[in-house]
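Structure first, then comments.
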Amino acid sequence: MILGVAVALLANVLYSAGFVLEKHALASLPPLDPRRPVRLILALSSSPRWLLGFTLLALGFGAQLKVYQLLPIAAAQGIFVTGTVLLVALSAVTLGERPGRPELLGTGVIVIALLLVVGSLGDDDQVGGAAPLVPLLGLCLPCLAFGLVLFLASLRQAGRRHRRSSSGVSYGVALGLLYGVSSLAIKGTSAAFTALPVGAALLEVARGPYPWLLGATGTAGLALSQTALQRCRASVIVPVTTTVSCVFTVVAGTAVFGEHLPAEPVRLALRLGGTALTVLVLAALPRHDNPPVPTTTGRSTRTGRRKEKPTRVPLR
């Protein structure tokens, strides 16, 4: 169990550093649109900094694969969601994204959730194996479709004039559903490598739905996540995505893969309490960015344009 916690924390570091590097690179790239995939891929592949961030995310994916061999889904997701603490800190230091009071509150709640989930771990925790095909696809396919529809609808709304700037919560919810499906596919892949030799595991995985689910979520997630990161703050997008993905994976994965929650009342309360606190993080985050605040010099902090001062008419 200790090794599983350590690898999960390593995955958090890799994911957070990768997202921050990608966000840095996206600031210098032209506007991305997932409806133009070829142009999007060419733009991303032209940035060495973005490619480095993508490499760190790939290493985080490998670490996540190992974690699912060592920890139950509910425990693993409870630890993964704490990576938002590091992400918020890195965003503040390197990107200048100063977190507001709700985001700081969410960060503190996530730390408490980590302690609760780690405290719920025990030697008798069962790591699930293969999942039945019909229930797995019955959960994954509708969530994939809904996530894509929600993201595209948010993209269209953002293009309307006279609309308040979105903080990215709707983007994060859509991405969270996609990455939740991806987590189930990763879990199924890791279960095959746990139960079988490498050659037999590769053959078993290739014949199942997991490569298709990983391909669909990986392709869509790449295009949509980079568009969302370019338009909104990473300190909002990533926590919301992680929270939604965590809740979906815990609820769906525990049932589909046949894992059981702790039987002891105290450990059960810790496991469920840690998961419930992650939901509060999502509720605490603002749905819209604050409007630009004029400075005393007459310039708008967002646009940098000088505002005209009203002309005083002398009294006669």
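Each Lys and Arg adds +1 at its Cβ and each Asp and Glu adds -1 at its Cβ; summed about the Cα centre, the range 2-284 shows a dipole of about 1360 debye.
May I ask you to sort 36, 271, 156, 231 by Cβ crowding, counting other Cβ atoms within 10 Å and putting the fewest first? Numbers along the way, then the final one.
Numbers: 36 12, 271 24, 156 9, 231 18.
Taking fewest neighbouring Cβ atoms as first place, the list is 156, 36, 231, 271.
How large is the charge dipole for the range 26-100, taken about the Cα centre, if only the Cβ atoms of Lys, Arg (+1) and Asp, Glu (-1) carry charge, to the nearest 20 debye?
Values: 6 positive and 2 negative charges, 36 e Å.
Rounded to the nearest 20 debye, it is 180 debye.
When each of 50, 212 is scored by the number of other beta-carbon atoms lying within 10 Å, the sequence from fewest to most is 212, 50.
Where Rh is the Kirkwood radius over the Cα pairs of the range 2-284, the temperature 20 °C and the viscosity 1.002 mPa s, what D in µm²/s does Stokes-Einstein return? Walk me through the numbers before you get to the answer.
Values: Rh = 19.1 Å.
D = 112 µm²/s.
Using a Förster distance of 41 Å, how high is the FRET efficiency between residue 263 and residue 92, based on the Cβ-Cβ distance and rounded to 0.05? So the FRET efficiency works out to roughly 0.50. As a proxy for reagent exposure, 143, 246, 232 were ordered by neighbouring Cβ count within 10 angstrom, fewest first; the result is 143, 232, 246. Under the simplified labelling scheme, the residue 212-residue 59 pair shows an inter-label distance of 3.4 nm, with each label point 7 Å from Cα along Cα→Cβ.
Coordinate-derived values only; no laboratory data. Values in this document were obtained by computation on a predicted structure and should not be read as measured data. Note that we place each Cβ from the backbone using ideal geometry, even for glycine, and neighbour counts take in every protein chain shown.
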